[in-house]
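What follows is a set of notes on a single structure, which appears directly below.
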Amino acid sequence: MSRFALLCLIFPAFAPAARADPAAPVRSVLSVGCTVRDLDRSVEFFSGVLNFEKIAGGEDAGPEIERLVGVFGARIRAATLKLGDERIELTEYLAPEGRPIPVDSRSNDLWFQHIAIVVSDIESAYRHFRKFNVRHASSGPQRLPDSNPNAGGISAFYFKDPDGHVLEIINFPPDKGDAKWHKPAAGRLFLGIDHSAIVVKDTEASLKFYRDQMGLKIAGTSENFGTEQEHLNNVFGARLRITSLRSPEGSPGIELLEYLAPGNGRAFPADTLSCDLWHWQTKLRISEARAASEALTNFRVPFISGTVATKSSSFGPDTGFMVRDPDGHALWLYQPK
């Protein structure tokens, strides 16, 4: 298959839902994953620095994997890691090798995505990172001001993994965040994943997809600006409309980040493939993959793959498919066996 033909498969035109009923109701966000250059190096970083535990892994190739990830000739190594109740999936493409994250990527570019890792103490976590020479994305930990009623008192810090993926640590004050993050930590510094954040161009367009088509619920909103937000995102003049979405089973959630300013974030590259290192995928558990695929086809959702039943040693036996949201972020709709 030519690269042009593959891109036509990946990025057909997007159209909003024609009805209010969810086309593919999501039960839970099962995991969030990203493509890495060296799986062993990434597993060492997430386990050695962030206390994730590797719980599964394997190597796969063949037509089922090619169809699922939308990449011809794919041979992958993958690992599933766990922190608290949440999971991430790291995927290395032995073939074909994808492109690196652009060195001039900014937090307001539409390909931006991260996971927010909850910590019991933000300053202790930051000192821990300095011992490991972890790369900064923020200038330092930031505490959002109390003048922001929906976000005041939240502390956060952006940093980078070995491939340049931006990650976040976050700490919630007693009156904010899920109740699970306020249970005794028993000496643990890293507790779990609260959400994955994605930059979107238009919140209302994204809600037509995530809320109206996928059935996620709005759990909270805020508008963040000021020097703390600017230094957290490392974007001068940052003013964000933030919408938190949750599935019926709670965390991790999906957080929509719309930059009201500055308006110069770049579009998701139209020729993106799953082997490119800026590729993230959010794995959503649904009840019936084929019915969901048919429903989303009727809504003209951009597909990366058709419905695939795999016996993957990397991902486990399941049935599912990948689509893209209105801005290009990849979602893996997954029916467990």
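Remark: Arg300 falls outside the filter, which requires a residue to be closer than 24 Å to Ile55 by Cβ, among the basic types (Lys, Arg) and at pLDDT below 95.
Take Ile254 and decide whether it is assigned by TED's automatic domain parsing to the domain that holds Arg211, in contact (Cβ under 8 Å) with a residue 40 or more places away in the chain and within 21 Å of the chain's Cα centre (by Cα). Yes, satisfied. Filtering the range 233-242 to residues that are surrounded by fewer than 22 Cβ atoms within 10 Å (Cβ to Cβ) and not small (Gly, Ala, Ser) leaves Asn234, Val235, Phe236, Arg239, Arg241, Ile242.
Using the structure shown, decide if Asp104 is free of Cβ contacts under 8 Å to residues at least 12 places away in the same chain and part of a loop (DSSP other than H, G, I, E, B). Spelling it out, Asp104 is indeed free of Cβ contacts under 8 Å to residues at least 12 places away in the same chain and part of a loop (DSSP other than H, G, I, E, B). Reported count of residues in the range 49-74, each being touching a residue at least 40 places away in the same chain (Cβ under 8 Å), within 19 Å of Arg324 (Cβ to Cβ) and assigned to a helix (DSSP H, G or I), is 4.
Scan the range 209-217 and give yes if some residue there is within 25 Å of Leu191 (Cβ to Cβ), of a type in the set (A, V, I, L, M, F, W, C), within 18 Å of the chain's Cα centre (by Cα) and surrounded by fewer than 16 Cβ atoms within 10 Å (Cβ to Cβ), otherwise no. Within the range 209-217 (the criterion being within 25 Å of Leu191 (Cβ to Cβ), of a type in the set (A, V, I, L, M, F, W, C), within 18 Å of the chain's Cα centre (by Cα) and surrounded by fewer than 16 Cβ atoms within 10 Å (Cβ to Cβ)), the answer is no, since none of the residues qualifies. When the range 107-154 is limited to residues that are among the aliphatic types (A, V, I, L, M) and farther than 12 Å from Ile170 by Cα, the one that is farthest from the chain's Cα centre (by Cα) turns out to be Val134. Between a residue in the range 171-190 that is over 15 Å from Gly250 (Cα atoms) and any residue that is in a strand (DSSP E or B) and polar (S, T, N, Q), which pairs come within a Cβ distance under 8 Å, given they are 6 or more apart or on different chains? Listed pairs, sorted by first residue: Asn171/Ser155.
Listed here are the helices (runs of 4 or more DSSP H) enclosed by the range 186-305 that have at least 1 residues being under 16 Å from Arg324 (Cα atoms) and small (Gly, Ala, Ser): 203-207, 289-298. Name the single residue, out of those in the range 78-98 being of a type in the set (D, E, K, R) and crowded, with 19+ Cβ neighbours inside 10 Å, that is nearest to Val119 (Cα to Cα). Here the residue is Glu86.
The values are calculated or read from the model by the stated rules, or taken from the named source; none is laboratory data. Just so it is clear, the structure is predicted and the values come from calculations on it, not from any experiment. FYI the Cβ positions are ideal-geometry reconstructions off the backbone, even for glycines, and counts take in every protein chain you see.
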